[in-house]
Amino acid sequence: RSNIYINLLKQTTELLSKFNPDNIFFRPYPAKIYKNFNVKKEISDNFKNVKIDETKSDFLRTLNKFGLVVYVDDSTSFLETLALNKPSMLILSKELYFNSHRNSASNYYKKLKKINIIHNDPKALIEFIKKIDFDFPRWWYSKKTQNIKNLFCSKYCNYLRNPINELKKI
């Protein structure tokens, strides 16, 4: 599984870096070594133009610097960016995530795929980015995308402006 993840990450980085590598940033997993593999070193050695965003910087502040966030793993960070309404895409590789969602979530993930938030592989993601001509706001803030994203968020990543008040209600 680790090798599949690393290969997916490398393939995605390679495809994205063909556009404008000066605008590509990679934010590695917080641990320096991820499952016996130094992802940061691998990316910096193989993709010289891709900048590394140090994980010590605040994640939410970092998000404001970018027009689109691309994930190659179905993570909490992905859910956070959806909840914050930040244009986000996920490559949900069937090799990596074969039958990994509970049945109740399956339909919601299919809806995210239908509006191009989720893609099966890096090539499909790149083709969609080309199709929308890099106009992430037009796609992301469209009524259809927002409705389905909000439906997903209401079920799996609802954002609370004041979580302390919500905890007091319990």
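Annotations
- Estimated distance in nm for a label pair at Ile52 and Lys114, the labels positioned 7 Å out from Cα along Cα-to-Cβ: 4.2
- Probe 1.4 Å, all protein chains present, accessible-area order of Arg161, Arg61, Arg138, largest first: Arg161, Arg61, Arg138
- Pairwise label distance in nanometres, Asn147 with Ala105, each label 7 Å out on the Cα-Cβ vector: 2.5
- Hydrodynamic radius (Kirkwood) for segment 116-170, which is based on Cα pairs only, to one decimal in Å: 13.5
- Neighbours of Leu8, meaning other residues whose beta-carbon lies under 9 angstrom from its beta-carbon, give a summed charge of -2 when Lys and Arg score +1 and Asp and Glu score -1.
- Charge tally around Trp140: other residues with Cβ under 10 Å, Lys/Arg +1 each, Asp/Glu -1 each, net +2.
- Nearest-20 debye value, segment 75-165 charge dipole, Cβ charges on Lys, Arg, Asp, Glu: 360
- Share of carbon and sulfur in the accessible heavy-atom surface of segment 105-170 [1.4 Å probe, %]: 51
- Rolling a 1.4 Å probe over the protein heavy atoms leaves Leu151 with an accessible area of roughly 70 Å².
- Glu166-Arg61 pseudo-label distance in nm [points 7 Å out on the Cα-to-Cβ vector]: 2.5
- Greater than 29 Å apart at Cα, pairs in Lys86/Lys111; Lys65/Lys143; Lys113/Lys169; Lys10/Lys111: Lys113/Lys169
- Once the Cβ-Cβ distance of Glu127 and Lys18 is raised to the sixth power relative to R0 = 22 Å, the FRET efficiency obtained is 0.95.
The values are calculated or read from the model by the stated rules, or taken from the named source; none is laboratory data. Predicted model only: the values in this text are computed from it and were never measured. Using ideal geometry, Cβ is built from the backbone for each residue, glycine included, and neighbour counts are taken over all protein chains shown. To get the accessible areas, we keep the full protein, side chains included, count just its heavy atoms, and leave off ligands, DNA and RNA. Shrake-Rupley method; radii C 1.70, N 1.55, O 1.52, S 1.80 Å.
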